[in-house]
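Accompanying notes for the structure given below.
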Amino acid sequence: MERSVSLSDNFYVDVPSIGKFIRDRSNSFSAAIVNRISSLKENTSNEFQPKVTEIHLSGLKVIVQVKSIEDDENDFSNKEFNFKGRISFFSKSNCRDCGAVRSFFREKRLKFVEINIDVYPLREKELIERTGSSIVPQIFFNEKLFGGLVALNSLRNSGEFEKRLKEMLGKKCPENAPCPPVYGFDDPEDVNEQIDEMIGIVRVLRHRLPIQDRLTRMKIVKNCIAGSEMVDIMIQHLDCGRKKAIEVGKVIARKHFIHHVFGENDFEDGNNFYRFLEHEAFIPKCFNFRGSVNDCEPKLAVMVGQKLTKLMSAALESYASEDRHHVDYVGISNSEEFRRYVNLAQDLQRCDILPLSPDEKLAFFLNLYNAMVIHAVIRVGCPEGVIDRRNFFGDFQYIIGGHPYSLTTIKNGILRSNRRQPYSLVKPFGHGDRRLEVALTKVNPLIHFGLCNGTRSSPKVRFFSAQGVEAELRCAAREFFSGDGMEVDLEKRTVYLTRIIRWFNSDFGQEKDILRWIISYLDATKAGLLTHLLSDGGPVNIVYQNYNWSLNT
């Protein structure tokens, strides 16, 4: 809206009078605009159209700028182009440059094919053959190598990028261009799988041992076998002595094919009762168990954790908002990344997590918790109400190292060093529980800002590296408190804190200590306000914010 030329520059504007005038003339004002727009629509079939149309009203002039066809073709940001050709680029998970390329294409509304070599590791060989290195990102226009982020920025700044796009509008993609990944077929995951050396003996035991309910210690234990029976069958099968058979039985137990029914020993001869992993009572609740035990050679927990993290990170890069506060669970559930994640999660069943260092263990379980929440929302759905939430976090489990781990046991048993969860009277792990060996020796309160439970009030979903987990947790805390996690009202002398701190106050300390601890994770403005409240000697009120349990979708 521009002022009419007939009005002088020193024209006095009486705002109340104009408001009254517009209200009085609203009907005629609206009718004039509608009539003029209707006349423009009727003239769209004319061969010649004016580029500028003026609508004259009392003291006002409305100018409608009509785009030319040439201007509309050059506008790549306001519409989506369907190319006959194909834009594709090779990437890796958690790569900043790859994220910049992805964001640029999305901003321009350009369709592209992303080939993540962390998701499709065999495609890395193709990348090296085409470019001479494994450096990413590498962008291709059809079969021609365009370059990386530097080349993209250079052509964008020079205006040549749009020219390259126009060249692709009518050019069909040749067969020698990088192929899009194929769902469920491209790059099978089991190319490097090795069968466990003990699997031959285990299969004989599964077939020949009598699996039945037995009475011991005034209790009935279901689906168990006797140690002496197991030794007898191994002596016959291996043609060895009893001592050798007992040693083999201990190896089978250490590899989590069998467990003592009360978790008291690895393996002994005699009337001790054991149970195959697939017959454990917790198996129906474990969502990384798919009908049978993974009989492949156990992999290092660090390697399995890293692969799972890369797959879930790749899924989030495609199906989450840029800030990771909102997740498209439906998109993830239908993705190739998630399919491979579910298949790879079976490798956790018998992996050995005891050798993990404290930092490796911290990153491993932080990442696994965040990934399991996404898996739980997809498979179980969003919990509603207190009882549903308790079941959601307590019943959705993975088998990790031969033992069941729910979201609750990972958070409170492992990461919080076996502390009671809010409003609970018992600890996650009882006396003699083998999982106590895995629990962290001390509690780092920063873990609460690295765990995302899939709600709108929780921190954003993120993943951590074992080498920099402490620094990354501090960064997560700063980002959380810079948002809605903490507010200061100087006039009311009130600090508004996230309810997470109230629930887990045993991890943070007394309220005044909490406020002093938080200062180091605040931006300059909030830190200054909080420091002023704490230093002037007056009372400080702490109010805990309401928690939004709705899904972060």
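Numbers below:
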item	result
Residues within region 134-144 that are surrounded by fewer than 19 Cβ atoms within 10 Å (Cβ to Cβ) and at pLDDT 90 or above, tallied	2
Every pair of residues 6+ apart whose Cβ atoms lie under 8 Å, when the first sits in region 87-110 and is in contact (Cβ under 8 Å) with a residue 12 or more places away in the chain and more than 16 Å from Phe140 (Cβ to Cβ) while the second is open to solvent by 10 Å² or more (accessible area, probe 1.4 Å) and small (Gly, Ala, Ser)	Glu107/Ser77; Lys108/Ser77; Arg109/Ser77
Strands (runs of 3 or more DSSP E) wholly inside region 434-553 containing at least 1 residues that are acidic (Asp, Glu) and open to solvent by 10 Å² or more (accessible area, probe 1.4 Å)	486-489
Boolean, Leu277 is in the same structural domain as Gln349 (by the TED database) and in contact with a helix residue (DSSP H, G or I) (Cβ under 9 Å, 6 or more places away or on another chain)	no
Some residue of region 269-278 being at pLDDT 90 or above, open to solvent by 30 Å² or more (accessible area, probe 1.4 Å) and within 15 Å of Gln346 (Cβ to Cβ)	yes
Residue within region 279-295 that is open to solvent by less than 70 Å² (accessible area, probe 1.4 Å) and assigned to a helix (DSSP H, G or I) present	yes
Matching entry among Ile332, Ile258 (being in contact with a helix residue (DSSP H, G or I) (Cβ under 9 Å, 6 or more places away or on another chain), aliphatic (A, V, I, L, M) and either surrounded by fewer than 17 Cβ atoms within 10 Å (Cβ to Cβ) or in the same structural domain as Gly401 (by the TED database) (or both))	Ile332
Residues that are exposed (fewer than 12 other Cβ atoms within 10 Å of the Cβ) and either touching a strand residue (DSSP E or B) at 6+ places or on another chain (Cβ under 9 Å) or at pLDDT 85 or above (or both), drawn from region 168-199	Pro174, Glu175, Asn176, Asp190, Gln194, Ile195, Glu197
Selected residue (criterion: nearest to Leu366 (Cα to Cα)) from residues of region 407-429 that are touching a residue at least 24 places away in the same chain (Cβ under 8 Å) and not in a helix (DSSP H, G or I)	Arg416
Hits in region 515-553 (condition: closer than 30 Å to Val377 by Cα and of a type in the set (A, V, I, L, M, F, W, C))	Trp549, Leu551
Condition check for Cys240: in a loop (DSSP other than H, G, I, E, B), touching a helix residue (DSSP H, G or I) at 6+ places or on another chain (Cβ under 8 Å) and at pLDDT 85 or above	yes
Test: residue in region 516-527 that is without any contact (Cβ under 8 Å) to a residue 24 or more places away in the chain and of a type in the set (Lys, Arg)	yes
Val62 being among the β-branched types (Val, Ile, Thr) and at pLDDT 55 or above	yes
Residue check for Met230: in contact with a strand residue (DSSP E or B) (Cβ under 8 Å, 6 or more places away or on another chain) and either of a type in the set (Lys, Arg) or in a helix (DSSP H, G or I) (or both)	yes
Filtered residues of region 128-169 (kept if among the acidic types (Asp, Glu) and closer than 18 Å to Arg106 by Cβ)	Glu162
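Residue-by-condition table, conditions (1) open to solvent by less than 30 Å² (accessible area, probe 1.4 Å); (2) more than 15 Å from Leu300 (Cα to Cα); (3) part of a helix (DSSP H, G or I):
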| position | (1), (2), (3) |
| --- | --- |
| Asn343 | no, yes, yes |
| Phe364 | yes, no, yes |
| Val377 | yes, yes, yes |
| Gly381 | yes, yes, no |
| Glu384 | no, yes, no |
| Tyr398 | yes, yes, no |
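This table checks each residue for (1) under 30 Å from Ile252 (Cα atoms); (2) in contact (Cβ under 8 Å) with a residue 40 or more places away in the chain.
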{"position": "Phe396", "(1), (2)": "yes, yes"}
{"position": "Gly401", "(1), (2)": "yes, yes"}
{"position": "Glu437", "(1), (2)": "yes, yes"}
{"position": "Leu446", "(1), (2)": "no, no"}
{"position": "Arg456", "(1), (2)": "no, yes"}
{"position": "Ser465", "(1), (2)": "no, yes"}
{"position": "Gly468", "(1), (2)": "no, no"}
{"position": "Asp489", "(1), (2)": "no, no"}
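The values are calculated or read from the model by the stated rules, or taken from the named source; none is laboratory data. Keep in mind that this is a model prediction, so the values were computed, not measured. Quick reminder, even Gly has a Cβ in these numbers, built from the backbone with ideal geometry, and neighbours come from all protein chains shown. Just the protein is used for accessible areas: all its heavy atoms, side chains included, with ligands, DNA and RNA removed. Shrake-Rupley method; radii C 1.70, N 1.55, O 1.52, S 1.80 Å.
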